[in-house]
1. Would you confirm whether or not segment 312-321 contains a residue that is modelled with pLDDT of 95 or more and under 20 Å from the mean Cα position of the chain (by Cα)?
2. Could we say that Gly215 is under 15 Å from the mean Cα position of the chain (by Cα), under 26 Å from Thr153 (Cα atoms) and surrounded by 22 or more Cβ atoms within 10 Å (Cβ to Cβ) here?
3. Give the residue that is nearest to Asn59 (Cα to Cα), with candidates limited to residues of segment 118-161 that are among the hydroxyl-bearing types (Ser, Thr, Tyr) and at pLDDT below 95.
4. Would you mind stating whether Thr107 is open to solvent by 50 Å² or more (accessible area, probe 1.4 Å), modelled with pLDDT under 95 and in the same structural domain as Thr125 (by the TED database)?
5. Which one of these is modelled with pLDDT of 95 or more and in contact with a strand residue (DSSP E or B) (Cβ under 7 Å, 6 or more places away or on another chain): Ile198, Ile186?
6. Please state which one of Val284, Val247, Val229, Val255 is under 24 Å from Gly383 (Cα atoms) and touching a Ser or Thr at 6+ places or on another chain (Cβ under 7 Å).
7. Are there any pairs, at least 6 apart or on different chains, whose C-beta atoms fall under 7 Å, with the first in segment 290-301 and without any contact (Cβ under 8 Å) to a residue 24 or more places away in the chain and the second open to solvent by less than 80 Å² (accessible area, probe 1.4 Å) and of a type in the set (Ser, Thr, Tyr), and if so, which?
Amino acid sequence: MALRFEVLGRFNRARAARLTLPHFVCQTPLFMPVGTQGTIKGLTTEQLEDIGAQIILGNTYHLALRPTSELLDELGGLHKFMNWPRALLTDSGGFQMVSLLHLADITEEGVTFQSPVDGKPMLLTPEESIQIQNRIGADIIMALDDVVKTTTTGPRVEEAMDRTIRWIDRCIKAHKRPTEQNLFGIVQGGLDPVLRDICVKGLVNRNLPGYAIGGLSGGESKDSFWRVVAQCTAALPEEKPRYVMGVGYPLDIVVCSALGADMYDCVYPTRTARFGTALVPEGVLKLKQKAMAEDTRPVDPTCDCMVCKNYTRAYIHCLVTKDAMGSQLLSYHNLYYMMKLSRNLHSSIIEGRFPEFVREFLQQMFPKGDVPEWVCDAMEVAGIDISSCCTPFSSSQD
C-alpha cells in the first residue's frame, strides 16, 4: 500500500483527513480536476499549483491512444511528461469504452470495442488496463469494472456487479507496482441496495488501499443518488479513502461530504467554463448574457482569484464567444472556486463549524429558502440541522 489516510476531524459522518500519496500530501474532502490527455484545457501546471489542485485525473483510454502508455513509460511516466509534481489518478478506461464507443461489447474476458484509429476490434482486459496504468505511473489507479448506466434495471445490473468483483481479483494479480501505486476498487450495483451491499462486502474483503462509488451521475434522480452514496459510505471502512466518481456540482460535493465521502472528480467546472458559465456562491453566472456586457464588477466579488482581481464581467462577456482567453479565464476561476470549496470543507470540519458552513453555503445558493427536498433529506441522515435554510414547503427536486 502506497498511501496513508489519517482522519483529523469529524462531524457525525463528515470527516476531514490527510491523504499521503507518493507525490503529494493531500487534504480531504478534495475535488480533482479532469485532465483527459494529461492537460486541463487552457491551464498550465503552474496555474493548477497556484489554485491549489492536489490531484489531477487522467483518462487511461485517451492516454493509451495518444501519446501511448509505452512512450509515457519510456519518458519517466505521466508526472514527468506533463511536468506535474503533485498527485495523479488514472481511471481504468472502461467508462470511456462504454460511454464514448457505442460499439462496445463486454464479456468475461474484457471490453471489446472498435478502435477509433483504424476501426479494428480491440480488447481491453482487466490485466491490460492495470498494465497500462502501471506504465502511466499515477499515484492512484482504478480497477476495470463492468459499467452499466445507472438507470439500467434487471439482471444486467447484477451481472455487472458480479463481474466487477471477479475482475478485481484479476486487477490485483496484474498490479506490479503496489508499493508505488494504489489500486482502488469500484462499488457497482446500480440503484439496488442489496447489490450495492454485496459489492461493498466483496471489495472490502480484498483490503484495498481505497474504494470508489461508481455508476452514479448518469441520469438517476438526486434522491436515488444521495441514498446510494449514504449507503456505501456507511458500509466502507473508516480508515480508507472514499471516492465518489463523476461528481462535480458544488451542492452535490457538500452533500456527499456530509455523508462521509472524501474525493470527487468531474469535467463540469471546466466544461461549463467553456460555455461561458462561472461558478459563484449563488450558483452559476452566465457571462454570455447581454446583461453582462456593461457589468464592471468582478465575476465573484467575494473571490480573490487572479481572474476576479483583474477582470470584469464585461471583459469576459466580450471574450467568451470570440476568444479562447475567455474560457481559459473562466476555467481558472471555476477550478479556484472548487479548490476553495474543498479547503473550506476541510477547515470547517477540523474547526468544529461544519454545520454552520453547510447552512451558510445553502443560504447563499438558496436565499429564498427553496433548498431541494433531497438535500433536506440527505442532511437529516447526515445529522445536520438546516431547518433555518428551508421554507416549510420547499419541494424542488433540482
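1. No, every residue in segment 312-321 fails to be modelled with pLDDT of 95 or more and under 20 Å from the mean Cα position of the chain (by Cα).
2. Considered against the rule, which asks whether it is under 15 Å from the mean Cα position of the chain (by Cα), under 26 Å from Thr153 (Cα atoms) and surrounded by 22 or more Cβ atoms within 10 Å (Cβ to Cβ), Gly215 comes out as yes.
3. Thr150
4. In short, yes.
5. Values: Ile198 fails: in contact with a strand residue (DSSP E or B) (Cβ under 7 Å, 6 or more places away or on another chain).
Matching residue, one of Ile198, Ile186: Ile186.
6. Unique residue meeting the criteria: Val247.
7. Asp295/Thr312; Thr296/Thr312; Arg297/Thr312; Pro298/Thr312
Let's see how each residue does on (1) part of a helix (DSSP H, G or I); (2) open to solvent by less than 60 Å² (accessible area, probe 1.4 Å); (3) touching a Phe, Trp or Tyr at 6+ places or on another chain (Cβ under 8 Å); (4) not assigned by the TED database to the domain that holds Pro29:
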site: Pro301; (1), (2), (3), (4): no, no, no, yes
site: Cys308; (1), (2), (3), (4): yes, yes, no, yes
site: Ile316; (1), (2), (3), (4): yes, yes, no, yes
site: Leu329; (1), (2), (3), (4): yes, yes, yes, yes
site: Met339; (1), (2), (3), (4): yes, yes, yes, yes
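The values are calculated or read from the model by the stated rules, or taken from the named source; none is laboratory data. Given the structure is predicted, the values throughout are model-derived calculations rather than measurements. FYI the Cβ positions are ideal-geometry reconstructions off the backbone, even for glycines, and counts take in every protein chain you see. These area figures cover heavy atoms from the full protein model, side chains too; ligands, DNA and RNA do not enter into them. Shrake-Rupley method; radii C 1.70, N 1.55, O 1.52, S 1.80 Å.
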